[in-house]
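Participant: I'd like to ask you about the structure that follows.
The values are calculated or read from the model by the stated rules, or taken from the named source; none is laboratory data. Since we're looking at a predicted model, the values are computed, not measured. Cβ atoms come from the backbone with ideal geometry, glycine included; neighbour counts cover every protein chain shown.
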Amino acid sequence: MDFNAIFTTVLWPIKWVVEAILVFFHTVLTASGMDKDAGLTWVLSIVGLVLVIRAALIPIFVRQIKSQRRMLEVAPQIKKIQDKYKGKKDQFSREAMSRETMAMYKRTGTNPLSSCLPLLIQMPIFFSLFSVLSNAQNPNIPEGVGLLNAYLSQSFGQASLFGIAPLHLAISTANGNVAVIVIAIIMVILMTASQFITQLQIMSKNQSAEMKASPMYRQQRILLYLLPLVFAFSGYTFPLGVMFYWLVSNAWTMVQQFIVIRNMPTPGSEAALAREARLAKRQQARPVVTDELAAETGTLMVEEPKNVQRQQPVNKNRAKKKSGNNKR
C-alpha cells in the first residue's frame, strides 16, 4: 500500500483551497501596489490565509472550549472510577472500568477527542501549506494543483523576506544564511511565548479549584513545559513560510482565548469571579441622570405621572340644589 499516494490524494482538495486563498490575497495585495514577487507580499498572503481559516474554525473552537470544561468537570468522577479499579489488572476489571468510563462520558455529554478537533483540522492545512511551499521549490513540479500556476509557483518559491531571507529555507537548510537563522529564532521565541501565555491563561485563570485538583490539570502543566521543545524542533526544520503561518495562528489563538476567558469564564474560576466583580462595579458606576445633567446633555427626561387624587363625580340633582342655594 502506497501511503504517500494516499496522503497526497487526501491533501489534494485542501491544497487546492490553500492555493486559492493564497492566490486571492496575493492578487489583492498586488492590485494595491505591492511587488508581486516580494517576500512580504507572500507573507501577508499567508497571514490572510490564517485569518480566513481561523475565522471559519471559530464555531469549532467554541465547541472545544465547552468540551474542555466538561472534561475538567468530570475529571474527579473519572478519577473515582480509576481508583475503584486501581491495582486490578484482570481483563474483567479493565472492561468494567472502560464501560463505566464510557457511560460517564455518555451521561455527561463529553468526548475526550473533541478538545483536539481544531488542532486535527488545522494539521492537514498545515501540511498542505508545507507541501505547496516545498513543491514550489521543486523544478519537476512547475505548478500547483489549483490556481497556483507556474509563474506564481515560481514567484512563491523564490520569494525572500526583505530580499535576504528566502521563505523556503529553514535553519536546517539555511547553509549559513544568518538572516534566515535569526528570523527563525525570533519566531520560535514568539511562538513559544504566545503558546505559553495561552496555556497559562487557561490553567491559572479559567479553572476552578476542583479542576486544579484533577489529574488532567497535572497533565496540562507537563504539556505547558514540553511545548517549547516542539517549537524548537519546528523552528529548526520548517521553512520560514510555514513558520509564519504557525506564528500568526498562535497569536490568533492567544487573543481568542483571552476574549473567551474574559467573557465566557468557567464557573467558579478566578476569571469568573473577576467578571462578576467587573459587572458589579459597572452596575454601581452607572450614572444617575438629574434635571441639571439632562439639561446639559440634552437627555429627554420622562417625568413619572404624579399620584393625583381622583375627583368624585357629583349627582345632577345635588348639583342643581347646590346652585339654587348659591342664588339665594
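Participant: When region 167-188 is examined, which residues are found to be part of a helix (DSSP H, G or I) and either at pLDDT below 90 or surrounded by 20 or more Cβ atoms within 10 Å (Cβ to Cβ) (or both)? Even if it seems obvious, please write down each step before you answer.
Facilitator: Let us first name the residues in region 167-188 that are part of a helix (DSSP H, G or I), namely 171-173, 178-188.
Once the filter is applied, which keeps residues that are part of a helix (DSSP H, G or I) and either at pLDDT below 90 or surrounded by 20 or more Cβ atoms within 10 Å (Cβ to Cβ) (or both), region 167-188 yields I171, S172, T173, V180, I183, A184, M187, V188.
Participant: Filter region 1-60 down to the residues that are in a helix (DSSP H, G or I) and of a type in the set (S, T, N, Q), then identify the one that is surrounded by the fewest Cβ atoms within 10 Å (Cβ to Cβ). Let's see the steps before the verdict.
Facilitator: We begin by selecting, within region 1-60, every residue in a helix (DSSP H, G or I); these are 3-31, 39-56, 58-60.
With the extra rule that they be of a type in the set (S, T, N, Q), the set shrinks to 4, 8-9, 27, 30, 41, 45.
On the way: N4: 8, T8: 13, T9: 10, T27: 14, T30: 15, T41: 19, S45: 24.
It comes out as N4.
Participant: While we're on this one: Within region 141-152, how many residues turn out to be surrounded by fewer than 20 Cβ atoms within 10 Å (Cβ to Cβ), in contact with a helix residue (DSSP H, G or I) (Cβ under 7 Å, 6 or more places away or on another chain) and closer than 17 Å to K36 by Cβ?
Facilitator: 2
Participant: Determine if region 155-166 includes at least one residue that is among the hydrophobic types (A, V, I, L, M, F, W, C), in contact with a strand residue (DSSP E or B) (Cβ under 7 Å, 6 or more places away or on another chain) and in a helix (DSSP H, G or I).
Facilitator: Checked against the condition, which is being among the hydrophobic types (A, V, I, L, M, F, W, C), in contact with a strand residue (DSSP E or B) (Cβ under 7 Å, 6 or more places away or on another chain) and in a helix (DSSP H, G or I), region 155-166 yields no hits at all.
Participant: Of these, S155, S131, which one is among the polar types (S, T, N, Q), closer than 16 Å to Y245 by Cα and crowded, with 17+ Cβ neighbours inside 10 Å? Break it down into steps so the answer makes sense when it comes.
Facilitator: On the way: S155 fails: closer than 16 Å to Y245 by Cα.
Exactly one of S155, S131 is among the polar types (S, T, N, Q), closer than 16 Å to Y245 by Cα and crowded, with 17+ Cβ neighbours inside 10 Å, namely S131.
Participant: Okay, next question. Under 9 Å by Cβ, and 6 or more places apart or on different chains, what pairs join a residue from region 220-248 that is farther than 19 Å from P166 by Cβ and without any contact (Cβ under 8 Å) to a residue 24 or more places away in the chain with one that is part of a helix (DSSP H, G or I) and of a type in the set (A, V, I, L, M)?
Facilitator: Q220/I202; Q220/M203; R221/M203
Participant: Sticking with this structure for a sec: Any idea how many residues of region 134-189 are touching a residue at least 60 places away in the same chain (Cβ under 8 Å) and not β-branched (V, I, T)?
Facilitator: 22
Participant: Can you give me the number of residues within region 64-93 that are exposed (fewer than 14 other Cβ atoms within 10 Å of the Cβ), assigned to a helix (DSSP H, G or I) and without any contact (Cβ under 8 Å) to a residue 12 or more places away in the chain?
Facilitator: Residues of region 64-93 exposed (fewer than 14 other Cβ atoms within 10 Å of the Cβ): 80, 82-84, 86-92.
Among the residues that remain, those that are also assigned to a helix (DSSP H, G or I) are: 80, 82-84, 91-92.
Among the residues that remain, those that are also without any contact (Cβ under 8 Å) to a residue 12 or more places away in the chain are: 80, 83, 91-92.
Count: 4.
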